[in-house]
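Report on the following structure.
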Amino acid sequence: MAWALKLPLTDEVIESGLVQDFDASLSGIGQELGAGAYSMSDVLALPIFKQEESILPPDNENKILPFQYVLCAATSPAVKLHDETLTYLNQGQSYEIRMLDNRKIGELPEITDKMVKSILRVVFHDRRLQYTEHQQLEGWRWNRPGDRILDLDIPMSVGIIDPRANPTQLNTVEFLWDPSKRTSVFIQVHCISTEFTMRKHGGEKGVPFRIQIDTFKENENEEYTEHLHSASCQVKVFKPKGADRKQKTDREKMEKRAPQEKEKYQPSYETTILTECCPWPEVSYVSNSPSPGFNTSHNSFPVAEGNGSPTQLPEPVVQVADNLLPTATPQDAQQWLLRNRFSPFCRLFTNFSGADLLKLTREDVIQICGPADGIRLFNALKGRVVRPRLTVYVCQESQQAREQQPKHENGDAAANTFFVYHAIYLEELTSSELTEKIAQLFNISPRQINQIFKQGPTGIHVLVSDEMIQNFQDEVCFVLDTMKDDSNDGYHIILK
């Protein structure tokens, strides 16, 4: 019984000891932290919380964006985890950007079977340079007159329609495209990152740029002003082949690092995915109306949807002479300079009217603009047209017969007899060029002309070759006779 009475006593002692130990532990925690030392940010900064935070997806990770833009250039392997990717580009090299449609079924039905407009620009990554972008670009314009920062490689591009490059915006291009069709745009960046560094003593790190694409849809007034999506990526531009050397150097540095160090860096990817961003705030780029001097009449390039070749040859366009008139105001003169690629000299001729510019002598223009641009500007002011290499006058034989008048009794032709000839201007001096020009004159397809012959001595027919055309005298006259080809629906042309 005595042993039975001691058992509860022992339990009470154990329970009392546990309570004291627990109170002491709580007391110790309070003494370590204290009211002044406790900080929630310090607790969240512990490694365990950082790991959990990295596992959690961001709010927009599950959000499927309507479009995705992929730059076909490898990312640098020397970029730490959680940092934005960095891509190296070569100056003047064409790089493909794939325009992908990521919409779900039924999403954005208002753009189904319709075009969207994308504005592509190269801008500064550093905030400091963004604030002085206008001054930076103006300085670059003066150092590189006549050049652009960003260009489209039209022959390489696929699926873009009506591409435009505003001469007043050197770093911006725009185009229309159908999201339901394959679209790839090839770009060329002509500036390098070291051109905008503060000190240029050699060996400086170049400033990073951003390639940004803003896409818009039509509004009720059929103007592309309603924003759909924007994305961008960080790039650096080197002199030709410099990007390849830099990529190789970064790869070799990473190979020399310890395995633990390599884990802190992200791998190099074959392509660069542009990440979603805010639209560029420059609203003037979004304007659907052409800017001053932005020629919209002949600035479209038809591009095939499946490859980089045109779907069909465009009809020949007669270039209208853009001569500067003496009555042109200073504003008109500024627009004329922009249209004719004299934008670097617009500031010099700000207050010049058309009459003022036309009064300049050749020596004056060369002294102001330099020899190359001065001669070009002087010729443009005087409206000089480049003479063709060869001029050929032709007349159709049937028309000549109709134009002949009956002879008088003395055998002489009537005094008012005349023949109508047409001028053909040749630049390449080839038989294929002559075939095309004659086909235009007859209003037929060049494929319908099988051969062109020249009537020689004793009435023989000599096949016209490139060498024969190159030996034609300038302003030579021919009478054209046509002969039907019995084997097909074509014709033979005989020059008499």
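Here are the numbers for this structure:
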{"item": "Efficiency of FRET between residue 244 and residue 138 - r from beta-carbon atoms, R0 25 angstrom, step 0.05", "result": "0.20"}
{"item": "Rg(Cα)/(2.2 N^0.38 Å) for segment 173-282, N = residue count", "result": "1.42"}
{"item": "Potential lengthening between residue 467 and residue 278 on full extension [0.36 nm per residue; Cα-Cα distance subtracted]", "result": "61.9 nm"}
{"item": "Extension gain from residue 393 to residue 260, taking 0.36 nm per residue of separation minus the Cα-Cα distance", "result": "39.8 nm"}
{"item": "Length added when fully stretched, residue 481-residue 126, from 0.36 nm per residue minus Cα-Cα", "result": "120.8 nm"}
{"item": "Pair residue 382, residue 198: separation of 7 Å Cα→Cβ label points (nm)", "result": "5.1"}
{"item": "Phi-based couplings in Hz for segment 263-271 (Karplus 6.51, -1.76, 1.60; Gly and Pro marked x)", "result": "5, 7, 10, 7, x, 7, 9, 5, 10"}
{"item": "Phi-based couplings in Hz for segment 101-112 (Karplus 6.51, -1.76, 1.60; Gly and Pro marked x)", "result": "9, 10, 5, 6, 5, x, 7, 6, x, 5, 9, 5"}
{"item": "Amide hydrogen neighbours beyond the local backbone of residue 265, cut-off 5 Å, H modeled", "result": "81"}
{"item": "Förster-model FRET efficiency, 60 Å R0, residue 423 and residue 65, C-beta, rounded to 0.05", "result": "0.55"}
{"item": "Alpha carbon centroid spacing (whole Å) that separates segment 460-489 from segment 337-377", "result": "45"}
{"item": "Cut-off under 5 Å, modelled amide H: who pairs with residue 157 long-range", "result": "186"}
{"item": "FRET efficiency for residue 221 and residue 168, using Cβ-Cβ distance with R0 set to 41 Å, rounded to 0.05", "result": "0.95"}
{"item": "Between segment 164-178 and segment 216-237, the alpha-carbon center distance in angstrom", "result": "12"}
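None of the figures in this text is laboratory data; all of them are computed from the coordinates on show. Every value quoted in this text rests on a predicted model; they were computed, and no experiment measured them. So basically every Cβ, Gly included, is an ideal-geometry build from the backbone, and we count neighbours across all protein chains shown.
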